[in-house]
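A short reminder: the numbers here are calculations on the coordinates, not readings from a lab. What you see is a predicted model; the values in this text were computed from it and never measured. Here Cβ is always computed from backbone atoms with ideal geometry, including for glycine, and neighbour counts include all displayed protein chains.
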Amino acid sequence: MLIYPKAHFHPYTHASGGWGSAQSVMKILWREQAFAKGPRALMKQNKPDGFACVSCAWAKPGKPHALEFCENGAKATAWELTSLKTSPAFFAEHTLSELRQWSDYDLEQHGRLTHPLRYDPATDRYQETTWEQAYREIGAQLQTMQPDSVVFYASGRASLETSFMYQLFARAYGTNNLPDSSNMCHESTSVGLQESIGVPVGSVTLEDFEHTDCLFFFGQNVGSNAPRMLHQLQDARKRDVPIITFNPLRERGLERFVNPQSPIEMLTPESTVISTQYHQVAIGGDSAALLGLAKVLLEMDDQAQREGRAAVLDHTFIAQHTQGFEAFAALVRACQWQTVECQSGLSRSALEAAAQVYARSERVMMIYGMGLTQHRHGVQNVQMLVNLLLMRGNFGKPGAGICPVRGHSNVQGQRTVGITEDPKKVPVELIEQHFGFKVPEQMGLCTVDACEGILAGRVRGFIGLGGNFLRAIPDTSRMEPAWQTLQLNVQIATKLNRTHLLPAAHQWLLPCLGRIEIDRQNGVAQTWATEDSTGCIHGWRGSAEPVGPQVRAEASIVAGLALATLPAGSKIDWQGWSADYSQVRTAIGAIYPQIFHDMETRMAEPGGFHRPIAVARREWLTHSGKAQFVLPSTLNEDDDVNPEVLPRDVLQLMTLRSNDQFNTTIYGYEDRFRGISGTREVIFMHRNDIARLGFENGQGVMLTTAIEPEVKRQVGPLEIVAYDIPEGCAAAYYPECNPLVPLWHHAERSKVPAAKSVPIRLSLAG
Ligand SMILES: Nc1nc2c(c(=O)[nH]1)N[C@H]1C(S)=C(S)[C@@H](COP(=O)(O)OP(=O)(O)OC[C@H]3O[C@@H](n4cnc5c(=O)[nH]c(N)nc54)[C@H](O)[C@@H]3O)O[C@H]1N2
Ligand SMILES: Nc1nc2c(c(=O)[nH]1)N[C@H]1C(S)=C(S)[C@@H](COP(=O)(O)OP(=O)(O)OC[C@H]3O[C@@H](n4cnc5c(=O)[nH]c(N)nc54)[C@H](O)[C@@H]3O)O[C@H]1N2
Ligand SMILES: [Mo]
């Protein structure tokens, strides 16, 4: 039996940032033995002459701070620049059966992959192979397979150039099966915003933070997951801009911040209060809260009209630019306060307080993350934010708009250059003209569809351009056995993870350069580009020596696989492209001229360049040519269980990140801001729920999914930690809890797994 260390829980009373952050950076540089390259590399992080942080997708300013990185960006850099190596000698010592018993932390802790490897079933080990042999054998396998039975997954890091090549490879091979991590993340944004305002991405830029009057913040843990944004938030607070937060947890980064780069703040007890109002909404209660805000605005507007005062709503904007307002207003008026309060977990007076600030502000931005998108009605959540913004014309003026905080550093850009399962989203004609092959018409598989295909045996092959698919997806316990029936599994990766350890009949593990390393092709250091959360495209270059001579660039690996797989005579110059990325950029410019014309020169400018966002000019590329008010279909975001009739022993579980991880990469066992150290095996609960259900703080419990009881989904034991969280709600860490999320429990339309609302029951661990 596994012995779980006792959790240490000490409420964290300091601000986020500050000395705790500086200490944490030193610790990881030391542990990864990255002092040789780390500090020098950090100076170049997110700088115009340097590399894009491999951590989050938050915007990189044209005029960066002296040190333009955060605690978690520095951890990501140290993790990649580690001098530790997972070499063929390591694999000679360990079978895959043995490595499957290791934790996520231990697997990645052995350092960077250094040689191309092929799995040998006879010895149950990875063995060294040559690149040429790997390409030849993988190409031969792919040639025998039905293109639609192969999935080309991307995890959101690879550059625009590599991503463009990757989707061309998949399509020239004959499939649109191009899911990416976005399918588990902000796809609810892409679907919702496209329908509501005609663009799949956010509408604000970094400069908007300088002009805004008010920020609303929903379901994003900025202190851990996009800490560089704290600079913009702190600056806004210094101008007295109110920040109104909706989050079930009181996240430290959203409460107080000390800038670790400011000597004065570091040496004095000064810290900035970030949120001026903090509303601990119930899990899945945002649509109701947003409807409540809209209800107050309508009431205020009615009253203003009665009293002959200036209107609260922007009626001119609504008339000129939107459609569907009357129906939306009627629905909002008809909804009872009692329903709003019950579903949101917030009082009418709390919502009135928030709405009053909104009504007073001329330029409002709404910022959000996984707390909104990863629900059954995640798309609706996003559209409710838009509805609220539309009521006061908060689009197309400086300081206003919508700001989804994207995850992986190039996840938005990958979609922009064609990594999407939907061929309607790519310029098919231009691709066919330029590259002389027929783009398949059939819709490809998104992540959930790919998983269903694997379970049903329809998907036979999987290529992973980064990521840790098997750990990131839901329903782990059902997916792992099915995964091992695959014919082909090819993983392009920097470090070892669990997805590499469940062998298919034919399996390769191909080591690639990380972003921070110098990528020399024919002796010339290459540059490449990414797109951040604000639609800004930047050029970058690596600044550290590669981990070893055998490790290849992702672009070169994609080209090698394409050349070995596709029939000879292709119009795509794979070899030329992988030797000189400026040629790929020319091709990207030809296929996407509106966004990427003159890419070579524009991306080199400090601050990069912005893709055009029609909404910013109040142009609406929707079906009606107007911005749409979209009616919510329900206020219960997770209607697999109705909170009004929720069995009393069922809790809504959200699965989330600690401050010491990047997705499935676990840097350590500390969640400093939440006061946890020494373990990840915990469940956060309200003390009344603990008592009501007959448990005690510190006890070990098993978690069982409370929907579809005929399939047993269980995780544990996890230790109960009494925590400031709304009653009826619970929280625990991803990816450990992924076995609890049924594959079908995903957002309507976007198919993003509903990882933030899993109904569970608890039982005492035996
Ligand atoms: N250091 C670090 N940085 C990262 C990552 C990482 O793992 N580590 N991951 C990257 C990726 S891929 C992504 S997508 C982003 C993820 O960044 P986030 O969007 O911050 O994702 P989570 O950690 O899952 O946290 C979600 C937040 O939503 C809140 N929440 C949960 N349910 C609800 C709800 O129903 N309503 C509301 N209003 N709030 C809710 C939680 O309390 C938590 O604060 O970060 C990126 N950056
Ligand atoms: N329950 C639950 N599940 C979730 C979530 C949740 O909040 N709750 N969040 C979802 C979200 S938002 C996301 S984005 C997904 C993340 O899903 P993924 O993107 O698939 O997972 P990561 O953990 O980011 O992938 C880490 C691996 O990527 C490889 N890697 C790192 N850098 C590079 C590189 O530069 N190149 C290459 N080729 N490989 C590299 C390393 O081998 C590392 O082990 O998980 C999703 N799953
Ligand atoms: Mo993500």
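Per residue of region 285-292, in order, report the coupling 6.51 cos²θ - 1.76 cosθ + 1.60 (Karplus, θ = phi - 60°) as ³J(HN,Hα) in whole Hz, putting x for Gly and Pro.
Once rounded to whole Hz, the list reads x, 6, 4, 5, 4, 5, 5, x.
Long-range amide H contacts for Arg392: which residues qualify at under 5 Å (H placed 1.01 Å from N, peptide plane, sequence gap of 5 or more or a different chain)?
Answer set, sorted by chain and number: Asp314.
So if I take the centroid of the Cα atoms in region 364-423 and the same for region 584-660, what is the distance between those two points in Å?
Each part reduced to its Cα centre gives a spacing of 3 Å.
Order 245-254, 145-154, 162-171, 326-335 from most to least packed using the mean count of other Cβ atoms within 10 Å.
Details: 245-254: 23.4, 145-154: 21.9, 162-171: 27.6, 326-335: 15.4.
Top of the packing list down: 162-171, 245-254, 145-154, 326-335.
Karplus couplings for region 574-585 from phi (6.51 cos²θ - 1.76 cosθ + 1.60, θ = phi - 60°), rounded to Hz, Gly and Pro as x?
3, 5, x, 4, 6, 8, 7, 5, 5, 5, 5, 5
Relative contact order (percent) for region 651-764, with alpha-carbon contacts under 8 angstrom and 6 or more residues of separation?
Here the relative contact order equals 37 percent.
Would you mind classifying region 651-764 by shape? Square roots of the alpha carbon gyration tensor eigenvalues, ordered a ≥ b ≥ c; an a/c under 1.5 is rounded, otherwise it is prolate if a/b is larger than b/c and oblate if not.
oblate
According to a simple spin-label model (label point 7 Å from Cα along Cα-to-Cβ), what is the distance in nm between Asp640 and Glu432?
Result: 4.1 nm between the two label points.
Just list whichever of Lys425/Lys751; Lys75/Lys495; Lys397/Lys626; Lys438/Lys571; Lys27/Lys756; Lys712/Lys756 have alpha carbons separated by over 22 Å in the model shown. It would help to have the intermediate numbers written out before the result.
Values: Lys425/Lys751 17 Å; Lys75/Lys495 15 Å; Lys397/Lys626 17 Å; Lys438/Lys571 12 Å; Lys27/Lys756 31 Å; Lys712/Lys756 19 Å.
Flagged as over cut-off: Lys27/Lys756.
Taking Cα centroids, how far is region 151-168 from region 276-342 in Å?
Centre-to-centre distance over Cα atoms comes out at 41 Å.
So which chymotrypsin sites (Phe, Trp or Tyr not before Pro) in region 566-617 pass both tests, a DSSP loop state and at most 16 other Cβ atoms within 10 Å of the Cβ?
Listed in order of number, the matching sites amount to none.
Peptides 79-86, 365-372: what's the order by average Cβ count within 10 Å, highest mean first?
Averaged packing, sorted descending, gives the order 365-372, 79-86.
Just going by the charge dipole of region 113-160, with Lys and Arg at +1 and Asp and Glu at -1 on Cβ, which of Met145, Ala158, Ala122 is farthest out on the positive end?
Ala158
Could you tell me the center-to-center distance, by alpha carbons, between region 114-139 and region 693-766 in angstrom?
39 Å
So for the chain, taking the charge dipole from beta-carbon charges (+1 Lys/Arg, -1 Asp/Glu), which of Ser361, Phe246, Asn522 sits furthest toward the positive end?
Value computed over the given set: Asn522.
Using 0.36 nm times the number of residues separating Gln277 and Asp580, minus their current alpha carbon distance, what extension gain do you get? Each step should come with its number before you reach the end.
Values: separation 303, 0.36 × 303 = 109.08 nm, distance 5.13 nm.
Separation in residues times 0.36 nm, less the Cα-Cα distance, equals 103.9 nm.
May I ask you to derive the relative contact order of the chain, considering only C-alpha pairs under 8 Å and at least 6 residues apart, and to give it as an integer percent?
Dividing the mean separation by the residue count of the chain yields 22 percent.
Based on the Cβ-Cβ distance of Glu299 and Glu727, what FRET efficiency does E = 1/(1 + (r/R0)^6) give at R0 = 30 Å, to the nearest 0.05?
0.60
Nearest 20 debye, what's the magnitude of the dipole of region 114-207 about its Cα centre given +1 on Lys and Arg Cβ and -1 on Asp and Glu Cβ?
In debye, rounded to 20, region 114-207 gives about 140.
Pull up all non-local amide H partners of Tyr733: gap of 5 or more, or a different chain, and H-to-H distance under 5 Å with H placed in the peptide plane.
For Tyr733, the qualifying residues are Leu656, Val682.
Roughly how big is the chain's charge dipole about its Cα centre, with Cβ charges of +1 (Lys, Arg) and -1 (Asp, Glu), in debye to the nearest 20?
The calculated dipole for the chain is roughly 760 debye.
Indicate, rounded to the nearest 5 percent, the antiparallel portion of the DSSP beta bridges found entirely in the chain.
45 percent
Where does each of 667-674, 469-476 land if you order them by average Cβ count within 10 Å, highest first? Could the numbers behind the result be given before it?
Numbers: 667-674: 22.1, 469-476: 23.6.
Result, highest mean Cβ count within 10 Å first: 469-476, 667-674.
Amide H of Lys495: which non-local residues (sequence gap of 5 or more, or other chain) have their own amide H closer than 5 Å, using H built in the peptide plane?
Leu113
Which listed residue (Asn497, Ser188, Gly324) has the Cα farthest towards the positive end of the charge dipole for the chain, taking +1 on Lys and Arg C-beta and -1 on Asp and Glu C-beta about the Cα centre?
Of the options given, the answer is Asn497.
How big is the dipole moment of region 201-409 about its Cα centre under a simple scheme where the beta carbon of each Lys and Arg is +1, that of each Asp and Glu is -1, and everything else is neutral? Debye, nearest 20, please.
Using Cβ point charges on Lys, Arg, Asp and Glu, region 201-409 gives about 280 debye.
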